[in-house]
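All remarks here apply to the structure that follows.
A short reminder: the numbers here are calculations on the coordinates, not readings from a lab. These numbers were taken from a predicted model, which means no experiment stands behind them. With ideal geometry, Cβ positions are generated from the backbone for all residues, glycine too; neighbour counts draw on all protein chains shown.
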Amino acid sequence: MIVVGLTGGIGSGKTTAAKLFRSFNIPIYIADVEAKLLMNTSKGIKQELIALFGEEAYLKDELNRPFIADKIFNDKVYLDKMNAIVHPKVGAHFKQWLERQNSPYVIKEVAIIFEHEQQSQYDLIISIIADKDKRLQRVLARDKSTPEKVLAIMNNQMNDIEKAKLSDFVIVNNDKSTLEYQVRKIHESILKHIKNSTI
């Protein structure tokens, strides 16, 4: 089965695009959502995160997200160590999920692919890009955050020009009115690619 990575910086519109692919009956795995679920349900992850951050990592058996966010925002070493705990578990969970799918291809939505040099895990990669100002406005409207924190996250992610060069497909999401058209065209191109590969 073809695994397509869907990536893009914070506020680019990955989840919105993923929903449009789902409307074409394409299975979607949203890595960030699954990671958060595993961080709340996996005993192994809980133990390792408590060992890393201390007992405050969880409140009433739920991940203390503001506490964790503050820790990793102020210290990249904490971010790297947390990723080293969580990412392998998400990868294993994705493989189990993939075995249950029956579709020409699946989409795995993940914020960071190129930054961690994970291109080889995907058959095709779609990057969704948008102007920095639009991305910032979207995140501030969506999250209880500050411009400084959002910009800090953006600065830790690869810029859109570099992402576009490394991608098989690029979606420009400055104007949502064109998003569905772009997704449909890419969906048709992927199906054509699969058909040509199997002839």
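Odds and ends about this structure:
- In order through region 63-75: 3J(HN,Hα) via Karplus (6.51 cos²θ - 1.76 cosθ + 1.60), integer Hz, x for Gly, Pro: 4, 7, 4, x, 5, 5, 4, 5, 5, 6, 5, 8, 8
- Per-residue ³J(HN,Hα) for region 46-55, Karplus 6.51 cos²θ - 1.76 cosθ + 1.60, θ = phi - 60°, Hz, x for Gly and Pro: 4, 4, 5, 6, 5, 5, 7, 9, x, 4
- Extension gain for the segment A152 to N25, taken as residue separation times 0.36 nm less the Cα-Cα distance, is 42.2 nm to one decimal.
- Potential lengthening between R184 and N196 on full extension [0.36 nm per residue; Cα-Cα distance subtracted]: 2.5 nm
- nm² value of the averaged projected area, convex hull over the Cα atoms of the chain: 11.7 nm²
- Length-normalised contact order of the chain in % [C-alpha pairs under 8 Å, at least 6 apart]: 37 percent
- Cβ-based net charge around Q101, under 12 Å, with every Lys or Arg adding one and every Asp or Glu removing one: +2
- Under the convention that each Lys and Arg Cβ holds +1 and each Asp and Glu Cβ holds -1, the size of the dipole of the chain around its Cα centre is about 500 debye.
- Near R184, once Lys and Arg are set to +1 and Asp and Glu to -1 for all other residues with Cβ below 15 Å from its Cβ, the sum equals +3.
- Extension gain, S145 back to Q96 (0.36 nm per residue minus Cα-Cα distance, nm): 14.2 nm
- In this structure the amide hydrogen of L6, modeled in the peptide plane, comes within under 5 Å of the amide hydrogens of K108, E109, V110, I126, none closer than 5 places in sequence on its chain.
- Placing unit charges on the Cβ atoms only, positive for Lys and Arg and negative for Asp and Glu, gives region 120-199 a dipole magnitude near 160 debye about its Cα centre.
- Rg and Dmax over the alpha-carbon atoms of region 89-199 stand at 16.1, 52 Å.
- Electrostatic tally near I85: other residues with Cβ closer than 14 Å to its Cβ, Lys and Arg +1, Asp and Glu -1, net +4.
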